[in-house]
Each structure stands twice: as C-alpha cells, then as structure tokens.
1. Could you tell me the center-to-center distance, by alpha carbons, between the range 119-142 and the range 78-118 in angstrom?
2. Search the structure for amide H atoms under 5 Å from the amide H of TYR137, placed 1.01 Å from N in the peptide plane, and list their residues when 5 or more places away or on another chain.
3. Extending each Cα 7 Å along its Cβ direction at GLU85 and GLU104, get the distance between those two points in nm, one decimal.
4. So between ASP143 and ASN131, what do we pick up on full extension, going 0.36 nm a residue minus the alpha carbon distance?
5. Please compute the modelled spin-label separation between CYS74 and GLU158, points set 7 Å along Cα→Cβ, answer in nm with one decimal.
6. Going from most exposed to least, what order do CYS22, CYS74 have by accessible area with a 1.4 Å probe?
7. Between ARG10 and SER92, 0.36 nm times their residue separation minus their Cα-Cα distance comes to what?
8. Provide the solvent-accessible area of LYS172, counting protein heavy atoms only and rolling a 1.4 Å probe, rounded to the nearest 10 Å².
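The values are calculated or read from the model by the stated rules, or taken from the named source; none is laboratory data. Fair warning: this is a prediction, and the values are worked out from it, not measured in the lab. Heads up, the Cβs are rebuilt from the backbone with ideal geometry, glycines too, and the neighbour counts pull from every protein chain shown. We work out accessible area using only protein heavy atoms, side chains counted, and drop any ligands, DNA or RNA first. Shrake-Rupley method; radii C 1.70, N 1.55, O 1.52, S 1.80 Å.
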Amino acid sequence: QGKFHPEFERMDSFGTNRGGDCANFVSQLLHAGGLKMNDDWYYEKGTFIRHIPILNRLIKYFSPKWAVADEQYCYFSDKNNGYSEKTFQVASIDDLRELEEMGEIKPGDLLYWDYEDDGKMNHATIITNVNSGQLKYSGHTNDTYNKPIVDTLIQYYEDYGIEPKLRIVKMKDQIEIK
C-alpha cells in the first residue's frame, strides 16, 4: 500500500465533487491483466490537464468507462462487448453466500455497489479472494485490500442503516483481444 503505478494517476486527489479513484483503480487492474484500451475505454496520463478545468473538458484524458463506476459497470456488464459472461444482482448476504457456494464468483470478477438502491452504481471494486470461505474485495478511494464483503455490508447497515445492493460482473476467463 502507498505505492502506485507511475503510468497512472489517482483520480481522487484533484478537487472536490470530482469523484473518487474506484473505477480508475479497477480499470488499471484490468489493463495490467491484459485488457487493451480502445476508443471507449482508455486513459492517457495528463496531470497538467486535470488541474485546468476548461482543458479537462476539452481534452479527454480518460473515458467515463475508465473512471466512472456506473459507466464502467454498464460497459463491462454488456455481454456484447465480449468481456463478461453474466451479471449477478445481489440483494442480501444470503444471495452473496449462495453465489459463493455455487462457485459462481472468482478473483478478477468486478464488484459494484449501489448505495441508493436506484440501479446506478456508486462504487467499483474487484473480487480478490474466494478461497478463504469468505469473499474478499479490493478497491480505491478508501484504499481496501482483501476486505471481506460481508463485513462491509454489515458495517454499512450498522453505521448508515442502508444495505447496499451489489452487482457482480462475472468476467470471461478468456477475452479476445481486439
């Protein structure tokens, strides 16, 4: 923790109301795993651009599908793009446990969080461990490494009285490089 890939920037450090680093982090992992950028899903390093709002609007150094949780979810959950097998909607801890018991979830699958139960994904993370009998995920904005999903769901309920709805995008084991 504390070290980041020099070719990428964190996107949660450039001002207020600009979002976090969650989808950017997931995109970096997918790219490091071999997914090639394309016209829809891309990033170009551009520190100077993002500090000048007018340039940031004119010169897009990243696509919304790279860095915005809901846009990324829509992109990778669309089977027509060739990345995913299916998407699971998880409304409860029991749903999550059932998917785990069925062996439907694996490391590298994408985990999205809908905090407002409106169908719009508010946070993007990635499944990083399924072998311990407890699904774990990793993510950014609030840097998280191998944190149990169930513990997080319980904590949200205890702290905020909400039960986030989850979407898990089951990624294909073999993805054709375009």
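1. If we compute the Cα centre of each part, the gap is 10 Å.
2. THR128, ASN146, LYS147, ILE149
3. 1.1
4. Details: separation 12, 0.36 × 12 = 4.32 nm, distance 2.15 nm.
That pair, ASP143 and ASN131, stretches by 2.2 nm at full extension.
5. 3.6
6. On the way: CYS22 15, CYS74 70 Å².
Heavy-atom accessible area, descending, gives CYS74, CYS22.
7. On the way: separation 82, 0.36 × 82 = 29.52 nm, distance 3.13 nm.
Stretched out fully, the ARG10 to SER92 stretch lengthens by 26.4 nm.
8. Counting only protein heavy atoms, LYS172 exposes about 80 Å² to solvent.
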